[in-house]
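Each remark here refers to the structure printed beneath this line.
The values are calculated or read from the model by the stated rules, or taken from the named source; none is laboratory data. Only a predicted model underlies this, so the values are computations on that prediction, with no experimental measurement involved. A quick note on method: Cβ atoms are made from the backbone with ideal geometry, for glycine too, and the neighbour counts reach across all protein chains shown.
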Amino acid sequence: MRFNLDHDYTYSALCSLLMDQKITVKEVVLQCLQQIRAHQSLNAFARVYEEEVLAQSDEINQKIKEAKGGSLAGMVVGLKDMIAYKGHPLQAASKILTHYISPFNATVTERLLAADASIIGHQNCDEFGMGSSSENSIFGPVCNPLDQTRVAGGSSGGSAAAVKAKMCQVSMGTDTGGSVRQPAAFCGLVGLKPTYGRISRHGLVSYASSFDTAGILAHSVEDCARVLSVIAGPDGLDSTVAPKKVPDYLEELNPLTHYNIAYLEEALTNDALQPEIKQNTLTALAAFRKAGHQVDGIHFEWLKYALPTYYTLVNAEASTNLACYDGMRYGHRSSNATTLEEVYLKTRTEGFSREVKKRIMVGTFVLSVSQSKSHYVKALHARALIKRAMEDILNRYDFIILPTTITTAFLRDSFVANPLAMYWGDLYTVLASVAGLPAISVPNGVDSQQLPIGMQIIGNHFQEEKLLSFAHLFEQLSGA
Ligand code: GLN
């Protein structure tokens, strides 16, 4: 090999070597395939499309030779098992989608392929994106490449593990309440959840439609910027995408010399917060202050309402979204059902895991006639209040900073006895999701066990270029 994957693992670093034809796309793909084989025990991939990606790599290389390569030519990308790739299985890590083959591409997939990215496979995750550890999967748990006794985070845990273990340069995940940012934090990566409505959801398996976004996991802000430029923007197949022009996010990576930054005091005085995460967040804030930026602590009394609001609404939406898995339309159908009702009942009983069934039942409950006013409608009101309070802050400040997670990557099986306790870990990521705001997690040092810590930056609606520039500034400031 004429390049060293230890150093050249971002696409941005590989790009000039590829364009100058010092290395071939096939060499990059082969290195990734080798990493996948060497680290199978991480369980990061649900399926690897080896032959196909190798065949594509020759075509892309030819295009590069003819100077016709797309803007992501030679980038090796993995897709979370929630993103449709035409002619390939799509399972959302669930038994209920066994044998389902997607007849179309997600818009994200379509645009990645059109930009000559190489799709290497589908990645393991929590079933239907429901979880924070990627242990709730028909494919078994994902392990953290930095310490295999620990989780890689979730629900896009396979996507994070794959990038960290250099099985691909970038992964496409989905983020409903933190599923890109939290695994990025646990694996020491950059994880971007854009504004709701920035990227098409066409071809993403739905969990909670008013929260779901596609998201990007990468080693650097620059790689995130490149991918976002390709996948963002209006799409005739998803009317919830904003009809806004998409900037060239890479070109726009120009940090300013002065920003106004707010941090949420309640997020740092939380007893459950691991002390080293608090310390590193404070150190980062001090570094910003020292570099001439304004940094103010803000009271945010709504923080304690974010989790109940989030879980009430996502379960409600999931209960309706998952109604289509009835044994008639997709995937698995129970083989010991005789009546129509039995087909529904047995298929869903067999096809969904306990966690998914629990959420469907909670969602059905909060939407039921007798409960919706006191639960679902109340949560909608709380959502509006939280959103407004966040927007108020962002009218006065450029960004809100808070930790991405309460702890660093926890041990596998930590929450077997009490799965509800895992929900607490989502406290800081659900805020941006409830408000539909863009947020990014960037590496912010490690704890005493050398486990990565993530810092989260929330920006204003559709200001990804500003958010990415600031995250890039932090990368430089922290020497990441
Ligand atoms: N852990 C959160 C949940 O289970 C977030 C998941 C996600 O963003 N897909 O709902």
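Return yes when Gln456 is closer than 20 Å to Ala208 by Cα, outside any helix (DSSP H, G or I) and touching a helix residue (DSSP H, G or I) at 6+ places or on another chain (Cβ under 8 Å) and no when it is not.
No.
Residues to consider are Ser319, Ser334, Ser370, Ser374; find the one that is under 22 Å from Gly154 (Cβ atoms) and either outside any helix (DSSP H, G or I) or of a type outside the set (A, V, I, L, M, F, W, C) (or both).
Ser319
Can you say whether Ser159 is part of a loop (DSSP other than H, G, I, E, B), under 13 Å from the mean Cα position of the chain (by Cα) and under 19 Å from Ser441 (Cβ atoms), as far as the supplied structure shows?
Against the criterion (part of a loop (DSSP other than H, G, I, E, B), under 13 Å from the mean Cα position of the chain (by Cα) and under 19 Å from Ser441 (Cβ atoms)), Ser159 does not qualify.
Go through (1) under 24 Å from Leu146 (Cα atoms); (2) of a type in the set (Phe, Trp, Tyr); (3) assigned to a helix (DSSP H, G or I) for Phe470 and report which single condition fails.
It fails just one condition, (1).
Anything in the range 107-133 that is within 16 Å of the ligand (Cβ to nearest atom) and of a type in the set (A, V, I, L, M, F, W, C)? List them, or say none.
The answer is Val108, Cys125, Phe128, Met130.
From Ile138, Ile119, grab the single residue that is surrounded by fewer than 24 Cβ atoms within 10 Å (Cβ to Cβ), touching a residue at least 24 places away in the same chain (Cβ under 8 Å) and part of a strand (DSSP E or B).
Step by step, each of Ile138, Ile119 is checked, and only Ile119 is surrounded by fewer than 24 Cβ atoms within 10 Å (Cβ to Cβ), touching a residue at least 24 places away in the same chain (Cβ under 8 Å) and part of a strand (DSSP E or B).
Wholly within the range 1-104, which helices (runs of 4 or more DSSP H) include no fewer than the required count, namely at least 2 residues that are closer than 17 Å to Gln169 by Cα and touching a Leu at 6+ places or on another chain (Cβ under 7 Å)? Talk me through it step by step, then tell me what you get.
Values: elements: 11-19, 25-38, 50-65.
The helices (runs of 4 or more DSSP H) meeting that bar are 25-38.
Residues in the range 275-305 that are in a loop (DSSP other than H, G, I, E, B), touching a strand residue (DSSP E or B) at 6+ places or on another chain (Cβ under 9 Å) and crowded, with 19+ Cβ neighbours inside 10 Å: how many? Can you show your working first?
Residues of the range 275-305 in a loop (DSSP other than H, G, I, E, B): 291-293, 299-302.
From what's left, touching a strand residue (DSSP E or B) at 6+ places or on another chain (Cβ under 9 Å): 293, 299-300.
Now restrict to residues that are crowded, with 19+ Cβ neighbours inside 10 Å: 293, 300.
Residues meeting the conditions: 2.
Any residue at all in the range 309-322 that is surrounded by fewer than 20 Cβ atoms within 10 Å (Cβ to Cβ) and more than 16 Å from the ligand (Cβ to nearest atom)?
No; the residues of the range 309-322 include none that is surrounded by fewer than 20 Cβ atoms within 10 Å (Cβ to Cβ) and more than 16 Å from the ligand (Cβ to nearest atom).
Quick one: in the range 141-156, of everything that is of a type outside the set (S, T, N, Q), within 22 Å of Val356 (Cβ to Cβ) and in a loop (DSSP other than H, G, I, E, B), which residue is nearest to the ligand (Cβ to nearest atom)?
Applying the filter and picking the extreme gives Gly154.
Taking Ala93, is it buried (at least 19 other Cβ atoms within 10 Å of the Cβ), modelled with pLDDT of 95 or more, within 22 Å of the chain's Cα centre (by Cα) and more than 21 Å from Ser200 (Cα to Cα)? Please lay out each step first, then the result.
On the way: buried (at least 19 other Cβ atoms within 10 Å of the Cβ): yes; modelled with pLDDT of 95 or more: yes; within 22 Å of the chain's Cα centre (by Cα): yes; more than 21 Å from Ser200 (Cα to Cα): yes.
In short, yes.
Pull out all pairs, ordered by first then second residue, where Cβ-Cβ is under 8 Å, the residues are six or more apart or on different chains, the first lies in the range 383-399 and is closer than 15 Å to Tyr259 by Cβ, and the second is among the aromatic types (Phe, Trp, Tyr).
Ile393/Phe300; Asp398/Tyr259; Asp398/Phe470; Phe399/Tyr259; Phe399/Phe470
Are any residues in the range 418-444 over 23 Å from Glu301 (Cα atoms), surrounded by fewer than 21 Cβ atoms within 10 Å (Cβ to Cβ) and touching a residue at least 40 places away in the same chain (Cβ under 8 Å), and if so, which ones?
Result: Pro419, single match.
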